[in-house]
Amino acid sequence: MIGISNNELVMSFDRSLDAFGIGSFKTRGHATESTILDLFKEELAKKVKVLTQLSYPQLSGRKQPDATIGEKQDYFIEAEWEGNEAKGLVQAARYQRLGCEGIFVVMFPNRLRRSMPRPVLLRQAQNAKISVIAIFNDERSQDFFSGTIDEVTTRISIHVLKEIHVEIKTANIISIIRKAVEYISAALAGVTEQNLDEIFGGKSVFDNILQYEEKSYPLKEMRKGAAYLLVNQILFYHLLSKARPNDFEELNEDKIHSFEELQVYFDKVLKIDYRPTFGFRITTKLPEEALDPVKEALNIIKVLQPERIKHDIMGKIFHELIPFEVRKAVAAFYTNNEAGALLAKLSIQTPADKVIDLACGSGTLLVCAYQRKRELMQAEGKTFTPQDHMRFLERDITGVDVMPFAAHLALYICHCKNRFTKLSG
């Protein structure tokens, strides 16, 4: 009997596989981001010009986009695995400063990371659901879309070649901002109960108003609430700086090396108005290790370009941003929008009617009253002016709430009815 070594047996078996055309199944392993990205770029190149050679200076060195596309190579591709949208958007914000036309943040599904034969991987990649966030530097709104590799590369090419316009998807924007908040709240684990007390109005609020027992404060929800307050402040300040650039300098992460330097921006607003918004000096209570997540949240907000979103839609985003479990913990309850609109219609009969809500919560009834008074003015053939906006919010419509957190939200949402108008307080 002729002896055959194990190596010879394996080689013989491999040749048999090759003879049947399935030898490639021997290649097995985990897909890397670049494996899927190469397939993605290959498909995209069938529809639009693709390059990968450009790189750009950044604070931490040089960064190269995963691809640049278009005839002028002025659109960038930033690829991430599913769940890393916030990371991709932070990078997109940095690319945005370079003056590109747009950035496509592409998320590959995590199931493609599993170990599998290469032919199976390629087949699954062709049919996998890929998600994309498209950010533009012109008047176009963000676009959120998903589909197979063929479907999403087709839509990207259409954006590049035809510059299509799409409707704003508020649910997607809210989801992304919430991810930024999660980063911040995770970094607040070391914030003490005393500091959280002070952020939300003092110990008496939780002991006497919310009826929490000593040592039973909802610390997890309070930390999240603090993170949402800070993100709201950043978002609101960003809107103010875009609407009134002569009054407020734009937030610049390169100039923010401490929370004290971030607070300087907010203090400038306090000298004019908006105390319910910026009266929470949250930055003075936060640990320095939370600064980087806060700066990432700042970048995410800037890349989403909320200043381009219509006032009413921006108000909806503020209204729906904070999850119920966080609002419940700090007694910031919402009235149903439809119920608020009905109550305003039944109770307000003329544009001159005055309104007070002694438990305004997040301001739903105040906003509905504002909208009703405005509609009645316009029904009389009158033009609604910034002066009318000021009169509504400073004299005609009053909201009171025992919880500072709720009043904070109410001001945001009411101000979004006409955020370009300067209020006196």
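The values are calculated or read from the model by the stated rules, or taken from the named source; none is laboratory data. Nothing here was measured: the structure is a model prediction, and the numbers come from that model. Note that we place each Cβ from the backbone using ideal geometry, even for glycine, and neighbour counts take in every protein chain shown.
Does segment 255-265 contain at least one residue that is more than 20 Å from Ile177 (Cβ to Cβ) and either of a type in the set (Val, Ile, Thr) or at pLDDT below 75 (or both)? The answer is yes; a qualifying residue exists. Among the residues of segment 100-121, is any assigned to a helix (DSSP H, G or I) and closer than 28 Å to Tyr228 by Cα? Among the residues of segment 100-121, not one is assigned to a helix (DSSP H, G or I) and closer than 28 Å to Tyr228 by Cα, which makes the answer no.
For Gln96, the test of being buried (at least 19 other Cβ atoms within 10 Å of the Cβ) and not β-branched (Val, Ile, Thr) is passed. Within the set Glu394, Glu375, the sole residue that is of a type in the set (Asp, Glu) and modelled with pLDDT of 90 or more turns out to be Glu375. Of all residues in segment 176-203, those being modelled with pLDDT of 80 or more and part of a loop (DSSP other than H, G, I, E, B) number 2. Only residues that are within 17 Å of Val400 (Cβ to Cβ) and either touching a Pro at 6+ places or on another chain (Cβ under 9 Å) or among the aliphatic types (A, V, I, L, M) (or both) were counted across segment 344-384, and they come to 8. Every listed requirement among (1) modelled with pLDDT of 90 or more; (2) part of a helix (DSSP H, G or I) is met by Val231 save one, (1).
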